[in-house]
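A short worksheet on the structure shown next.
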Amino acid sequence: MSEDHSKAVRIGLLGRGTVGAAFEELIDRRAAAVEAATGRRPRISGVLTRAGGDFEQIVDDSDLIVELIGGTDPAREYVLGALRRGRPVVTANKQLLAQHGEELFEAAREAGVQLRFEAAVAGVIPIVRVIQESFGVTEIDKVFGIVNGTTNFILSEMAASGAPYEEVLARAQDLGYAEADPGDDINGADAAAKMAILARLAFHTPVTLSDVPHEGIEQISSDDLAYAKELGLSLKLLGVAERRQGGISVRVFPCFLYGGHPLAPVEGPFNAVMVEAPEITEVTMSGPGAGGMETASAVLGDVVSILGGEAPVHEARERLPLVGDVASSFYLHLAVADRPGVLAQIAQVLGDKGVSVKSVVQQGAGDDARLVMVVHECLESRFAEALEAIDALDVLRAPARAIRVIEEEFV
Ligand SMILES: NC(=O)c1ccc[n+]([C@@H]2O[C@H](COP(=O)([O-])OP(=O)(O)OC[C@H]3O[C@@H](n4cnc5c(N)ncnc54)[C@H](OP(=O)(O)O)[C@@H]3O)[C@@H](O)[C@H]2O)c1
């Protein structure tokens, strides 16, 4: 903090769009509550947008900077500049943290000021604070969940209405749950950025966006959802960060869950995150994944934490290896020729590759004959080999479709 001993805390606001404008409103509404909690009354002392404002002047006139511009450029320069000039920074910028986190943490450490970013992950859910503070010395095994509200809304609607992906996406855009350009939501990149941040915090090892393979929901068809319903499954876009084989695996992929799983009932634009560790078993938190006011409220919470003075340590420990090939269970949808022996042929291929079948449903007849099965957990590389061998059989009418499944059944 700069040398300001008055009771006011001057906030320089970078960006006044959806979240920035809500934050400004919230500061007005909550200034007295912040003063009661911290002894300091916040006020906005300067605003930078594309339309105007001078960054250097705003830093001169502030005790703390809130960055709500988004993207990496010029946000990175501004956040580094503010930290180097001794200003604590609050940001909601997942791209910036996921791509330049180490550089920013180091700048904050060197300047001896705080960098907080609760709103960058899972909207209003206080998952960053919980991992850094409540579980700060817990050996976390796994953090996973639904961290993109747009895709969760689309999958929930597809399952409920049976409507195709394109139609549901258009509805999500009309309702404001999806941007005009929803690319990074739909292809899993937005969730991957959030999982890179969560993995970095949970495992104290450097993880960046490029370390996180991601698959999106573009290939999901409404009949997969309909068949899966019969097997008691619901589909989510999951982000998973876990310890595996002495290293870590961080990934984003669409995945079926059995009913009873704590994430199965999370519908619409909501997010939910689970944390697992031996001494805590598991903790699940859910809440709105986005929204101007919801995000602004997470930003204000960070401002209050900074005024309260607690400072989480961001130093990374050793670099853990990234494990590429992990074991997963899969749902498999096969459009097959309607003739005797087909199921036996497919079972033979799976068996040869050491992939065992958990359940199978035969659907339709003639040109509509299908096999929908769930296979037990096996190495993904081995499953890919089995899939290739199945695709090479002359009994398939269309390429096989596979989606991961979390096999655990909760009661
Ligand atoms: N919206 C949400 O629900 C949500 C949820 C979680 C996290 N976030 C994060 O919050 C941040 C802000 O998102 P948002 O939805 O509020 O964005 P937004 O509505 O697009 O607002 C961006 C603001 O930044 C300003 N800006 C853009 N480029 C600039 C530049 N080069 N120099 C100076 N100012 C610039 C814009 O100026 P003009 O006003 O002049 O255009 C605008 O005021 C992002 O990091 C986003 O990922 C948003």
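Each reported figure results from applying straightforward, stated rules to the coordinates on display, with no laboratory input. What you see is a predicted model; the values in this text were computed from it and never measured. A quick note on method: Cβ atoms are made from the backbone with ideal geometry, for glycine too, and the neighbour counts reach across all protein chains shown.
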Point to revise | Phi to ³J(HN,Hα) by Karplus 6.51 cos²θ - 1.76 cosθ + 1.60 over the stretch 134-139, Hz, x for Gly, Pro | key: 4, 10, x, 10, 8, 7
**Study point:** Most to least packed among 127-135, 45-53 [average Cβ atoms within 10 Å]
**Key:** 127-135, 45-53
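Just to confirm a number: summing +1 for Lys and Arg and -1 for Asp and Glu over residues other than SER329 whose beta-carbon lies under 11 angstrom from that of SER329, what do you get? Don't skip to the end; give the middle numbers.
Numbers: positive: LYS358, ARG404; negative: GLU377, GLU380, GLU407, GLU408.
Summing Lys/Arg as +1 and Asp/Glu as -1 gives -2.
Mean separation of Cα pairs under 8 Å and 6+ residues apart, divided by the residue count of the chain: what relative contact order is that in percent? Let's see the in-between values first.
Values: 866 pairs, mean separation 67.4, N = 411.
For the chain, the relative contact order is 16 percent.
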Exercise for review: Excluding residues fewer than 8 places away in the same chain, name every one of the lysines whose C-alpha is closer than 18 Å to that of LYS194.
Suggested key: LYS94, LYS142, LYS236
Point to revise | Residue-wise HN-Hα coupling along the stretch 236-241, computed from phi with Karplus coefficients 6.51, -1.76, 1.60 (Hz; x: Gly, Pro) | key: 9, 8, 9, x, 10, 10
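How much net charge surrounds VAL121 when only the other residues with a Cβ under 14 Å from the Cβ of VAL121 are counted, with Lys and Arg +1 and Asp and Glu -1?
Values: positive: LYS94, ARG116, ARG129, LYS194, ARG200; negative: GLU118, ASP190, GLU294, ASP302.
Around VAL121, the charge tally is +1.
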Study note, to complete from the structure: Taking the alpha-carbon centre of each part, the distance from the stretch 296-317 to the stretch 194-248 in Å is 27
Exercise for review: Would you work out the relative contact order for the stretch 248-346, in percent, from Cα pairs under 8 angstrom that are 6 or more residues apart?
Suggested key: 26
**Study point:** Relative contact order of the stretch 33-97, pairs being alpha-carbon contacts under 8 Å that are 6 or more residues apart, as %
**Key:** 28
**Study point:** Cut-off 13 Å between beta-carbons: net charge of the residues surrounding LYS142, Lys and Arg +1, Asp and Glu -1
**Key:** -3
Check your understanding: For the stretch 140-145, in order, what is each residue's ³J(HN,Hα) by Karplus, 6.51 cos²θ - 1.76 cosθ + 1.60 with θ = phi - 60°, in whole Hz (x at glycine and Pro)?
Key -> 6, 8, 7, 10, 8, x
**Study point:** Between the stretch 329-381 and the stretch 101-160, the alpha-carbon center distance in angstrom
**Key:** 38
